[in-house]
Every structure is written in structure tokens, then in C-alpha cells.
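So the structure is just underneath, and the comments pick up after that.
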Amino acid sequence: MKEKITDFFHSIGLFSPLDFTDPVTYFIPGFILLILGEIFLYQIPQKIFTKRLIKDNVSSIGLGIGAVMLDFGMKAISLSYFFWIYNHFRLTDIFGIKNFNDFFTLKWHLDHWWLWVLVLIVQDFGFYWHHRLSHKIRLFWTGHVNHHSATHLSLAIALRQGWFEIIYRDIWYIPFIIIGFHPIMIAMMHQFNLIFQFWPHTNAIGKLGWFDKVFNSPSNHRVHHSRKVEDLDNNYGGILMIWDHLFGTYKAEEKKTTDYGIYHNIHTYNVFHIVFDEFGNMIKDIRNAPTWKAKLGYIFNAPGWHHNGKDERIATLKRELEEKKIN
């Protein structure tokens, strides 16, 4: 069966996703155990394992299953154009793998540990900008908003992956492929980044001191998922917080919140409604816009922009909040 699937992808000129050993698949049993552990050791004792939380978790699992199915096909496409760019446009071989068979030996990885550290840094830098722009450009927000639509925070929410986001999330790594980083290493590190991002989706772990300042953590990610205006659009890093410190988007957790979701929560547990709600809203706004400039504004401006009426972009809401505090 595996050979038939591989032959099919090769016959249409695409990289077979079955040729890529996805580390996420090996962590699935761990994800399940951690979700169950959070339920029985934290949520039930704290009496927060409510029907609404259960429904949020079920929706998240549904979104996760759909994302896995879509990601299977997108791996074939993204790895194919990664290799095409790498083979035709890379600028250097300094970060390359000269003999790819060596890549599957422990000795190669021990000898090149420094390269993995470098790949971690550049991949996380790419993820930071992917994540930040997914909050700042409405077209990309239609794919990422699904992840923020849950009104609770739990480990199951980490599975709540946006389906549209899968289509464009790999384009941010193209510059690193051109520089000469090998596609497989970038793809592997992206998956390890996703694995790392699983555990910060919880209220069960408090602040971790210096760790919170350097790495993504539950404390940092609670701020990211909070729907309080002062918390919105902060802490975009996947593994490292250094990018948020560097670009002014870091915010330490002041007080643990229970108010999660998006600025206008959609109050639905229907998986397809969650996936298509914001995309449908964007299409309606584009159709109703009176000019081409306004139509483009609804695509490329930040979420909350309107050609008339109240400006609900996060930057505007934060400025208004600061003005109220001063007055």
C-alpha cells in the first residue's frame, strides 16, 4: 500500500509524504496521555471539566483530525517546491547534506549537532513571522483564527489547527532554503516546533521564572490566547521568546486569566463553522466594499479594519485603552 501511494505522488511529480518520517506521529500517544492526565489530575479536581470545555475539546480534536488529513497532501506539495528551490536556487552548500545516506546515521547527527541548533533558530524565526503576520493580515487570519476560537485553554486546544493555515505556513521557510538549509531539516524542525508548542496550552502549570523569559511556556501562551485587549497580539514565538523581546511583542503574564477566545467569539462547536466562519465574513466584506481599495483593505489589512464604522484593529483597541487609562 505504501509503495502504491508513493508511486502515485512520484507519478504526478510530487514528493511522497510517506518518504518523510514525521516525528509528530510518534508523539501522538504522549499527547493523548497528557490530555487525559490534565483532565483527571487538574480539570476534574479543580471542577472546571464542564460540558462547554468538553465540547471545545471535541471540536479541537475534530479540527486536528482534519488538519492531519490535509497536511498529508500539503507535505507532498511543500516538500516538492522546497526541493525544487533547493536544487535550482540555493546560494550555498555550507549547510547542506553532501551524502544524504549519512543523514540517517546517529554519527552524522552527533557530528552536526551545531547545525540542528542553527536550524532551530532560523526555523523558529520563520515561524515567529508566520505567526505574527497570521494575526496582522486578515487573509492569513482566516486560517489561524480557528486555533484561537476556543473559549477555554487546555492541552486538547493544541490540536485545534487551522485548515487554511496549512496551505501557506511553509512559504516563510523559502528564504532559508535559498540560503542553503536542507528542506528535510527545515521540515523536521517545523514538526518538532509543533510538538514543543503542545504543552504550553494549559492552565495547570504556573509561572516558571527565567524559563518564561527565554522559551514559550504556559504562562506566555496564556497571554497569547487571552482575549483581554491588553494581552492581544503578544508572544508569537513557537519555541523561543527572543523574537518577541527583540521586536517588542513580548508580554509577561500579570494575572492568570480564564477569559480566552477571540475579540468576537463565535459561540459554536461545529467544526466546519469554526473553519469557514471568518473566511465567509471576509468574503462578505469584500463583496460589500464600495471600492477596489476597500476590497483589498479587507484582504490585507489587520483583522477588525472597516472602510467605515468602528475600527476594531487590535492596535486601535490598545491605543483607546491606554487613552482611557490616562484620562
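The values are calculated or read from the model by the stated rules, or taken from the named source; none is laboratory data. As the structure is a computational prediction, the values presented were derived from the model and not from experiment. Here the Cβ is made from the backbone with ideal geometry for all residues, glycine too, and neighbour counts use every protein chain on show.
Miscellaneous remarks
- Of D111, D93, D71, all but one fail to be among the acidic types (D, E) and within 22 Å of the chain's Cα centre (by Cα); the exception is D71.
- For the residues A294, A252, A289, the requirement of being within 30 Å of F192 (Cβ to Cβ) and small (G, A, S) singles out A252.
- Number of positions in the stretch 284-313 that are part of a helix (DSSP H, G or I), of a type outside the set (D, E, K, R) and either surrounded by 11 or more Cβ atoms within 10 Å (Cβ to Cβ) or touching a strand residue (DSSP E or B) at 6+ places or on another chain (Cβ under 6 Å) (or both): 8
- Condition check for T202: at pLDDT 95 or above and of a type in the set (S, T, N, Q): yes
- Selection status of N203, in contact (Cβ under 8 Å) with a residue 24 or more places away in the chain and in contact with a Phe, Trp or Tyr (Cβ under 7 Å, 6 or more places away or on another chain): no
- Scanning the stretch 160-175 for residues that are modelled with pLDDT of 95 or more and buried (at least 20 other Cβ atoms within 10 Å of the Cβ) returns a single hit, Y173.
- The helices (runs of 4 or more DSSP H) found wholly in the stretch 20-139 and carrying at least 2 residues that are touching a residue at least 60 places away in the same chain (Cβ under 8 Å), buried (at least 17 other Cβ atoms within 10 Å of the Cβ) and in contact with a Leu (Cβ under 6 Å, 6 or more places away or on another chain) occupy 23-38, 51-89.
- Out of I85, I35, one residue alone is closer than 30 Å to Y269 by Cβ and of a type in the set (A, V, I, L, M, F, W, C). It is I35.
- Residue in the stretch 198-206 that is under 17 Å from G237 (Cα atoms) and of a type in the set (S, T, N, Q) present: yes
- Any chance L194 is surrounded by fewer than 21 Cβ atoms within 10 Å (Cβ to Cβ), under 15 Å from the mean Cα position of the chain (by Cα) and under 23 Å from A302 (Cβ atoms): no
- Of all residues in the stretch 256-283, those satisfying the criterion of being of a type in the set (D, E, K, R) and either part of a helix (DSSP H, G or I) or under 16 Å from R52 (Cβ atoms) (or both) are D259, D277, E278.
- Test: residue in the stretch 227-238 that is farther than 15 Å from F127 by Cα, among the acidic types (D, E) and in contact with a Leu (Cβ under 7 Å, 6 or more places away or on another chain): yes
- Residues in the stretch 228-246 that are in contact (Cβ under 8 Å) with a residue 40 or more places away in the chain and either of a type outside the set (D, E) or crowded, with 20+ Cβ neighbours inside 10 Å (or both): 9 in all.
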